[in-house]
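This report concerns only the one structure given below.
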Amino acid sequence: MSCGPMRPRFHFESYQQLQGMQFAVDEINRNPDILPNITLGFQVYDSCDVLQYDLKGALQILTGYDRAIPNYRCSRNVPLSSIIGPAISTHSILLAHILGLYKYPQISHFSTSSVLSDRRTFPAFFRTVPSDHFQSKGLAHLVLHLGWTWVGLLAADNDYGQQGIQLVQQEIVNAGACVAFTESILTNHPGHNAPHIVKVMKASSTMAVVIYATDVDLAPILEEMLRQNVTGKILVASEAWSTSTLVSMEKYSMLLSGTIGLALHSGKVLGLREFLNKIHPSMSLGRDWIKIFWELAFSCKFMADKNQTGYLDASEKECTGLENLESVHNIYNDVSSLRTTYSVYIAVHVVANALENLNKCIRGEGPFSQGLCADIWNFTPWQLLHYMKEVRFMLNSGREIYFDENGDPPAIYDIVNWQLSPNGTIRYVKVGSYDTAAPQGKIFTFNTSASLWASGSQQVPISVCSQSCPPGFWKASRKGEPVCCFQCVPCPQGEISNQTDSFNCFKCPWDMWPNTERSRCLPKLIDYLSYEDSLGITMASTSTISSLVPVIILKLFMQFKSTPIVKANNYSLSCLLLVSLSFCFLCTLAFIGYPRSENCLFRQVAFGMVFALCISCILAKTIMVVFAFMATKPGNNLRKWANPWVSYVIIFISSCIQFLFCITWLSISPPYPEMNTESQSTAIILQCNEGSPTAFWCMLGYLGFLATISFIVAFLARRLPDSFNEAKFITFSMLAFLTVWVSYIPASLSAEGKYTVAMEIFAIFASSWALVVCMFAPKCFIILFRPNMNSKQHLMKKCRSPVD
């Protein structure tokens, strides 16, 4: 608090901690339930944060005398329970080595070095603040929770900074984040490498910089940042400066606004403010310190400090002792967010709790040999040490205090956010907590709506090397750069990524397909030519209506079967041909609808057989035309071949060959329904697999063979006399038939899904209509509209005309 008569410095915060300890002792002494008839006392030594003074004060406490006497204690009637402090880890390490030899319990309220958790080296050391080990993990979790995967690390070049920042780096890297740079502040000469550090910060693309140092180490860096005009960086503060008043000055406000970090858990001590404001220069306890505090708090001087003339300087006023601390608002009496003072308060209660447990020991049930208990008036340090290890009690706030096997309490930190107030000053706002004793899932809490960043927005800033890859993309690393620096590559065709920052893409299930963004799988459409489909309805309607046309023509032929034109064109074969043509139209219905096993077996066979019958009838008609003409020539013995049974034999044999093809096909490799997932990425095509493509094309080829023979024979017989000549119409019909099915081959190979089926149906329609039109349209026209031409005289005249 002060050092020597010149008082070069006096810390109100340290003085508050001293008063907090005195308040805790008074509170315990006033409580009849804690250590009844026993009064706690204390001795305070101001070390000025000098290592030698800390050591000297500890040895004086041990000896109970005004100087250090090794292995000797003067005050035998007043047992020494423990030593609280010091605040600096380096000093605590030195004292813990000495106090550990004597098993004197030592409780530090501010030493956070993780080295002090080594129980074998420091068997008697405890603390009421968490180890830096937890702080480092907490800082790493804070950075990762905010989504910052590209961070810079800056630490003091001492044990505190280097050990802490190494653990932060380890945690960040293990979580998949990356470190943009790591720099050390030279604590002995902080200004020497400050320009270099700030240049690195300025050149780096990272927005977040974790600074593991004290406020004294950080100040030169902030000065250099002002000099180089470095703005827009988010500073993540370690506990050592997260609530510092040294760097929260107005000139740094634009740099530090939005800073976030971990701070010691804050707490409230009921009645402390009133106790703090009750001190007065008239008090005997700590009078010298009160006097110094009073003069600084009220900017006055006591008369004992007047100059040699006996008067105060013109710029000074006299302290009267009537000043009221209630009117002063400074760090000393600000109890809204107690941190270090709260830690001191807890340390006093820890000692009292251990002493209470020691005092309550029942003889014969004690923890020592033969069930012995320790004497509260004359106990040894190691006896109290036993009870210190087993301390467990609840504070008024509901927080439980105990020590683990390393002498560390449950780690709990406040997450504080530095926010710029309207008057331009910095205020620390608690926006979350990091509590290792909390239930799983509540260890880390962060209230985004309570945070405020340098931009004035509550939206968490982004600090990444590369922007996140949205669903539908995967992260491809850049050669020679950290894993956090990557490029987003679209998923290949047929694959998706349904998460942000995916490392790879995966294929959809066989019955699903990617959406256009390739971010999720959609059920594939079921594609087949159905009766509900407009194309299917059109095809079915066309098939039904078309099948009636041959029936109507058949009825017309039956009505006019005795007329010469019907007789001349072989009435029986014409009727059979018309029936087969009607079935040709109707067989297309088997191609429409859900492909089932029976449909797949029936449809191609039905198509092949009815068309084989149809073409066989035409072939028979063609051959019979030739035989009929040849039989009229004198001396020709083909008359017997002009008999109708010859045409039936031709039809039977031609149809039987096709039937054998079909039976062989169905026996060896029959068609079957299948789901085609390869042809279209967006749909599952329900189709009939023909089983053996060779058999299908053989069947179709056989129809082409019959049609070709019919075409050749009809073409050669086209100049026969008209009375018997149907060859011209057969020639046109077969030419149309062959044209349709030759065109069908490339069309079917290029079509997909239901359109493949539709192409075959269209080919059936086209070839069937070609036969109907070419074979029967002229005859029907004559029968209905030129009855004068449907006479024997007209036919005989036409027959004689070529000879004339």
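Go through (1) open to solvent by less than 80 Å² (accessible area, probe 1.4 Å); (2) not in a helix (DSSP H, G or I) and name the single condition Asn396 misses.
For Asn396, the failing item is (1).
Please determine whether any residue of the range 399-406 is assigned to a loop (DSSP other than H, G, I, E, B), under 22 Å from Ala140 (Cβ atoms) and of a type in the set (S, T, N, Q).
Yes, the range 399-406 contains at least one residue that is assigned to a loop (DSSP other than H, G, I, E, B), under 22 Å from Ala140 (Cβ atoms) and of a type in the set (S, T, N, Q).
Look at the range 730-777 and say how many of its residues are open to solvent by less than 40 Å² (accessible area, probe 1.4 Å) and of a type in the set (Phe, Trp, Tyr).
The number of residues fulfilling the criteria is 5.
Of a type in the set (A, V, I, L, M) and either under 30 Å from Trp418 (Cα atoms) or in contact with a strand residue (DSSP E or B) (Cβ under 6 Å, 6 or more places away or on another chain) (or both): is that true of Leu529 in this structure?
Judged against the criteria, Leu529 is not a match.
Restricted to the range 356-380, and to residues that are open to solvent by 10 Å² or more (accessible area, probe 1.4 Å), modelled with pLDDT of 90 or more and not in a loop (DSSP other than H, G, I, E, B), which residue is farthest from Thr128 (Cα to Cα)?
Asn359
Look at Val335 and say whether it is open to solvent by less than 20 Å² (accessible area, probe 1.4 Å) and touching a residue at least 40 places away in the same chain (Cβ under 8 Å).
No, not satisfied.
Report, ordered by the first and then the second residue, all pairs with beta carbons closer than 8 Å, sequence separation of six or more or different chains, a first member in the range 727-750 that is in contact (Cβ under 8 Å) with a residue 60 or more places away in the chain, and a second member that is surrounded by 14 or more Cβ atoms within 10 Å (Cβ to Cβ) and polar (S, T, N, Q).
Ala727/Thr622; Ile730/Thr622; Ile730/Ser710; Met734/Thr708; Met734/Ser710; Phe737/Ser767
Consider only pairs whose beta carbons are under 7 Å apart and that are at least six residues apart or on different chains; among these, list those whose first residue lies in the range 185-214 and is in contact (Cβ under 8 Å) with a residue 12 or more places away in the chain and whose second residue is among the basic types (Lys, Arg) and surrounded by 17 or more Cβ atoms within 10 Å (Cβ to Cβ).
Note: pairs meeting the criteria are Met201/Lys233; Met207/Lys233; Val209/Lys233.
Picking from Leu144, Leu139, which residue would you name as being closer than 23 Å to Ala208 by Cβ, open to solvent by 10 Å² or more (accessible area, probe 1.4 Å) and out of contact with any Cys (no Cβ under 9 Å at 6 or more places or on another chain)?
Selected residue: Leu144, the only one of Leu144, Leu139 that is closer than 23 Å to Ala208 by Cβ, open to solvent by 10 Å² or more (accessible area, probe 1.4 Å) and out of contact with any Cys (no Cβ under 9 Å at 6 or more places or on another chain).
With the requirement that a residue be over 14 Å from His265 (Cα atoms), surrounded by 12 or more Cβ atoms within 10 Å (Cβ to Cβ) and of a type in the set (D, E, K, R), what does the range 427-448 give you?
The answer is Arg427, and nothing else.
Scan the range 654-665 and tell me whether some residue there is open to solvent by less than 50 Å² (accessible area, probe 1.4 Å), modelled with pLDDT under 85, among the polar types (S, T, N, Q) and farther than 30 Å from Ile526 by Cα.
The answer is no, given that none of the residues of the range 654-665 is open to solvent by less than 50 Å² (accessible area, probe 1.4 Å), modelled with pLDDT under 85, among the polar types (S, T, N, Q) and farther than 30 Å from Ile526 by Cα.
Would you call Trp453 hydrophobic (A, V, I, L, M, F, W, C), on the phi < 0 side of the Ramachandran plot, surrounded by 12 or more Cβ atoms within 10 Å (Cβ to Cβ) and outside any strand (DSSP E or B)?
Against the criterion (hydrophobic (A, V, I, L, M, F, W, C), on the phi < 0 side of the Ramachandran plot, surrounded by 12 or more Cβ atoms within 10 Å (Cβ to Cβ) and outside any strand (DSSP E or B)), Trp453 qualifies.
Yes or no: the range 416-424 includes at least one residue that is in a loop (DSSP other than H, G, I, E, B), open to solvent by less than 40 Å² (accessible area, probe 1.4 Å) and either in contact with a helix residue (DSSP H, G or I) (Cβ under 7 Å, 6 or more places away or on another chain) or at positive phi (or both).
yes
Give Pro79, Pro70, Pro36 a once-over and let me know the one that is out of contact with any strand residue (DSSP E or B) (no Cβ under 9 Å at 6 or more places or on another chain), open to solvent by less than 50 Å² (accessible area, probe 1.4 Å) and either part of a loop (DSSP other than H, G, I, E, B) or modelled with pLDDT of 85 or more (or both).
From the options Pro79, Pro70, Pro36, the qualifying one is Pro79.
Across the range 168-184, what is the number of residues that are closer than 24 Å to Pro130 by Cα and in contact (Cβ under 8 Å) with a residue 40 or more places away in the chain?
Total meeting the criteria: 1.
So which residues in the range 156-170 are among the aliphatic types (A, V, I, L, M) and part of a helix (DSSP H, G or I), if there are any at all?
Ile165, Leu167, Val168
When you go through Phe607, Phe629 one by one, which is the residue that is at pLDDT 70 or above and among the aromatic types (Phe, Trp, Tyr)?
Unique residue meeting the criteria: Phe607.
Determine, yes or no, whether Gln458 is part of a loop (DSSP other than H, G, I, E, B), without any contact (Cβ under 8 Å) to a residue 40 or more places away in the chain and over 30 Å from Ile496 (Cα atoms).
yes
From the residues in the range 490-535 that are touching a helix residue (DSSP H, G or I) at 6+ places or on another chain (Cβ under 8 Å) and not aliphatic (A, V, I, L, M), which one is surrounded by the fewest Cβ atoms within 10 Å (Cβ to Cβ)?
Tyr531
The values are calculated or read from the model by the stated rules, or taken from the named source; none is laboratory data. Source: prediction; values computed, not measured. FYI the Cβ positions are ideal-geometry reconstructions off the backbone, even for glycines, and counts take in every protein chain you see. Remember, those area values only see protein heavy atoms, side chains included, never the ligands or the DNA or RNA. Shrake-Rupley method; radii C 1.70, N 1.55, O 1.52, S 1.80 Å.
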